[in-house]
Ligand SMILES: [Zn+2]
């Protein structure tokens, strides 16, 4: 096949915005269609033109169909024979007729990666193809591309926006002083002094802003809270389980939209930014800066910093306490830090770092859904029997040694671990610094923890047939091994441990 310009292979997006014919440069198909147009206008057959220019009919046919890039000498000869100038044939745009434009568009669409992925049969846009059928095919391809783009745009956009915001927050050490200040003033005005913020204080905060908190059974499924600005009401889900910080947090987030003067978000990035700010505000209220920094500074002085103590002192979840540490440790105690929430499937769900720990990333720099190294504390903790307290571990990575503290939990979506870690030099401030547990990670090298051992791989490569979970495929778009989204090492180890002991696998 003739070398085609990359532009011709780009997927067809919005035909109105991105004409399939490249604006500049030589496109074999466009040139071919122009030759065909002028040949047919003259009423010549391919054989006649071939005779005139001294080229084989088959060669000209390939040129006209864009399968072969014509040499300049042939173009000059063809132009002379057809009574046009070479630049008439080389002019990339606009196409000479509506019919030719449709033919070019159909050919481009049929060669697009989308059409190839779908394995659609190719229709040759020969003269026998009626123009209305050609129009219908082109229209179908446009609609197909439009639907494909629409279904693709949201997750793509979401990943980009997530990464952008993570980078912004990293640059400010995950610390937003204005929101800290605002929250501090509001909780103090509501009577807060030390320890956990009470439900009563949250209700008073809402009241100070002219709102009452009302628990209802029938909140819309797509909402977490709804605020009635006209009547000054914040609707929350029913308070079925007393205690915990979930409801206080939801009420505070609803209040946050108001005090931070949020407008309806105009973009996904803005939506995420607002989401980050209301979470930040709620965290600042539940673990107010003055009280939190005082507590943490005392623990640091005693070389006894621990997420679990911080959690218990303020009556919040382990995750909320761990995440709040990332706001305060660097900005107020001079300690760089990282935080991860990892599922029991090994995927990173939420992460923050300003200490250089090498998070797994995809090609766009996004970390969400990426598999975390099996040797990291966030994953080794799942193998620990006693999970009632935090687990501590040193991990050697290509970016240096880190000390980490991990705690597991479970939710409706399965098990998860919450990890806080710091570079080796800062471990001295933390409880658990004396752990003897130490692992070595060389990720992202495949040999670290993703490639199955040679003997095991040989044994199972042709004997394993795992069926991938949709969930795993969505989160891990990069194929590992033969089955997209399936982890060969996990599958082979599973097969090894469950295989009948008395006989080998069939045909082995
Ligand atoms: Zn690894």
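FYI, it's all coordinate maths here, none of it is from the lab. Computed from a prediction, not measured in an experiment: that's the story for all the values here. Heads up, the Cβs are rebuilt from the backbone with ideal geometry, glycines too, and the neighbour counts pull from every protein chain shown.
The table below gives the values:
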| quantity | calculated |
| --- | --- |
| Protection proxy ranking of 327-336, 64-73 - average other beta-carbon atoms within 10 Å, highest first | 327-336, 64-73 |
| Long-range Cα-Cα pairs in segment 257-298 (distance over 15 Å), rounded percent | 51 percent |
| Relative contact order, percent, segment 181-250 [alpha-carbon distance under 8 Å, six or more residues apart] | 24 percent |
| Ranked list, fewest to most other Cβ atoms within 10 Å of each Cβ, for 429, 403 | 429, 403 |
| Estimated 222 nm signal from helices in the chain, with DSSP H stretches of n ≥ 4 weighted -39500 (n - 2.57), rounded to 500 | -14000 deg cm²/dmol |
| Overall Cα dimensions of segment 109-257 - principal axes, largest extent first, Å | 83, 40, 29 |
| Cα-projected label distance for residue 188 with residue 131, points at 7 Å along beta-carbon direction, nm | 7.9 nm |
| Cα convex hull of segment 170-236, projected area averaged across orientations, nm² | 6.7 nm² |
| Fully extended contour minus Cα-Cα distance, from residue 59 to residue 97, at 0.36 nm per residue | 11.3 nm |
| Calculated SAXS-style log₁₀ I(q)/I(0) at q = 0.10, 0.13, 0.21 Å⁻¹ - segment 190-322, Debye, Cα scatterers | -0.36, -0.60, -1.30 |
| Taking 168, 272 and counting other C-beta atoms within 10 Å, the order from fewest to most | 168, 272 |
| For the chain: relative contact order, % (alpha-carbon pairs under 8 angstrom, 6 or more apart) | 9 percent |
| Between 0 and 90°, nearest 10: helix 199-208 axis offset from the chain longest Cα axis | 70 degrees |
| Alpha-carbon spread of segment 246-365, three principal axes, descending order, Å | 48, 38, 27 |
| Inter-probe distance in nm under a simple model that places probes 7 Å from Cα toward Cβ, at residue 160 and residue 413 | 2.4 nm |
| Residue 494-residue 262 pseudo-label distance in nm [points 7 Å out on the Cα-to-Cβ vector] | 3.9 nm |
| Cα gyration tensor of segment 266-329 - equivalent ellipsoid semi-axes, whole Å, descending | 27, 10, 10 |
| Computed Kirkwood radius, in angstrom, where 1/r is averaged over Cα pairs of the chain | 28.1 Å |
| Nearest-0.05 FRET efficiency for residue 361 and residue 396, computed from C-beta distance (R0 35 Å) | 0.95 |
| Reciprocal mean inverse distance between Cα atoms of segment 328-457 - Kirkwood radius, Å | 15.2 Å |
| Highest average packing first - 359-367, 391-399, Cβ atoms within 10 Å | 391-399, 359-367 |
| Pairwise FRET efficiency - residue 178 versus residue 385, Cβ, R0 = 45 Å, nearest 0.05 | 0.50 |
| Relative contact order of segment 242-315, defined on C-alpha pairs under 8 angstrom at six or more residues apart (%) | 35 percent |
| Angle between the chain longest axis and helix 131-171 axis [Cα atoms, degrees, rounded to 10] | 30 degrees |
| Tilt relative to the chain, helix 98-111 - C-alpha long axis, 0 to 90 degrees, to 10 | 50 degrees |
| Ascending count of other beta-carbon atoms within 10 Å, so fewest first, for 221, 426, 262 | 221, 262, 426 |
| Extension gain from residue 140 to residue 463, taking 0.36 nm per residue of separation minus the Cα-Cα distance | 112.1 nm |
